[in-house]
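*Asks:* My questions all concern the structure below.
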Amino acid sequence: MIRDTFVALDITPADPARFSGSVRTRQLAHLMAADVAATSQTFERTPPPDRPPPA
(Lines give C-alpha, C1' and ligand atoms only; values in the text may rest on other atoms or scores of the structure.)
Protein backbone atom coordinates (compact mmCIF):
# COMPACT_ATOMS: atom_id res chain seq x y z
CA MET A 1 0.00 0.00 0.00
CA ILE A 2 2.77 2.47 0.89
CA ARG A 3 4.64 1.81 -2.34
CA ASP A 4 1.49 2.12 -4.47
CA THR A 5 0.13 5.25 -2.80
CA PHE A 6 3.03 7.41 -1.65
CA VAL A 7 6.50 6.86 -3.18
CA ALA A 8 8.35 4.08 -4.94
CA LEU A 9 10.09 2.04 -2.23
CA ASP A 10 11.52 -1.44 -1.87
CA ILE A 11 10.31 -2.64 1.52
CA THR A 12 11.81 -5.64 3.34
CA PRO A 13 10.39 -6.87 6.67
CA ALA A 14 13.00 -7.56 9.37
CA ASP A 15 11.42 -11.01 9.87
CA PRO A 16 9.17 -11.94 6.89
CA ALA A 17 7.70 -14.93 8.78
CA ARG A 18 6.38 -12.66 11.55
CA PHE A 19 5.36 -9.56 9.59
CA SER A 20 2.16 -7.77 10.54
CA GLY A 21 0.80 -4.32 9.89
CA SER A 22 -2.24 -2.13 9.36
CA VAL A 23 -3.27 1.06 7.60
CA ARG A 24 -6.20 3.15 8.84
CA THR A 25 -7.43 6.16 6.90
CA ARG A 26 -9.66 9.01 7.95
CA GLN A 27 -11.15 11.96 6.11
CA LEU A 28 -10.44 15.27 7.89
CA ALA A 29 -12.37 18.02 6.09
CA HIS A 30 -10.75 18.10 2.65
CA LEU A 31 -7.67 16.08 3.75
CA MET A 32 -7.13 12.33 3.93
CA ALA A 33 -4.91 11.10 6.80
CA ALA A 34 -3.37 7.64 7.11
CA ASP A 35 -2.12 5.92 10.27
CA VAL A 36 0.36 3.18 9.35
CA ALA A 37 1.58 0.61 11.91
CA ALA A 38 3.84 -2.36 11.19
CA THR A 39 6.62 -4.54 12.53
CA SER A 40 10.22 -3.52 11.77
CA GLN A 41 11.13 -3.04 8.13
CA THR A 42 13.84 -1.49 6.00
CA PHE A 43 12.91 0.90 3.22
CA GLU A 44 15.01 1.76 0.19
CA ARG A 45 13.82 4.44 -2.20
CA THR A 46 13.81 3.17 -5.77
CA PRO A 47 15.06 5.46 -8.54
CA PRO A 48 12.50 7.30 -10.67
CA PRO A 49 11.66 5.43 -13.90
CA ASP A 50 13.49 8.03 -16.01
CA ARG A 51 16.75 7.79 -14.03
CA PRO A 52 19.09 4.77 -13.90
CA PRO A 53 20.02 3.32 -10.47
CA PRO A 54 23.27 4.62 -8.88
CA ALA A 55 26.43 2.68 -9.69
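*Asks:* If I go through the range 6-48 residue by residue, how many of them are touching a helix residue (DSSP H, G or I) at 6+ places or on another chain (Cβ under 9 Å) and not hydrophobic (A, V, I, L, M, F, W, C)?
*Replies:* 3
*Asks:* Step by step: first the residues of the range 1-13, then only those that are part of a loop (DSSP other than H, G, I, E, B) and open to solvent by less than 80 Å² (accessible area, probe 1.4 Å), then the one that is modelled with the highest pLDDT. Which residue is that?
*Replies:* Selected residue: Ala8.
*Asks:* Of everything in the range 23-46, what is part of a strand (DSSP E or B), without any contact (Cβ under 8 Å) to a residue 24 or more places away in the chain and open to solvent by 80 Å² or more (accessible area, probe 1.4 Å)? Give them in sequence order.
*Replies:* Selection gives Arg24, Thr25, Arg26, Gln27, Leu28, Leu31, Met32.
The values are calculated or read from the model by the stated rules, or taken from the named source; none is laboratory data. All values derive from a computational prediction rather than experimental measurement. Here the Cβ is made from the backbone with ideal geometry for all residues, glycine too, and neighbour counts use every protein chain on show. Accessible surface areas use protein heavy atoms only, side chains included; no ligands, DNA or RNA. Shrake-Rupley method; radii C 1.70, N 1.55, O 1.52, S 1.80 Å.
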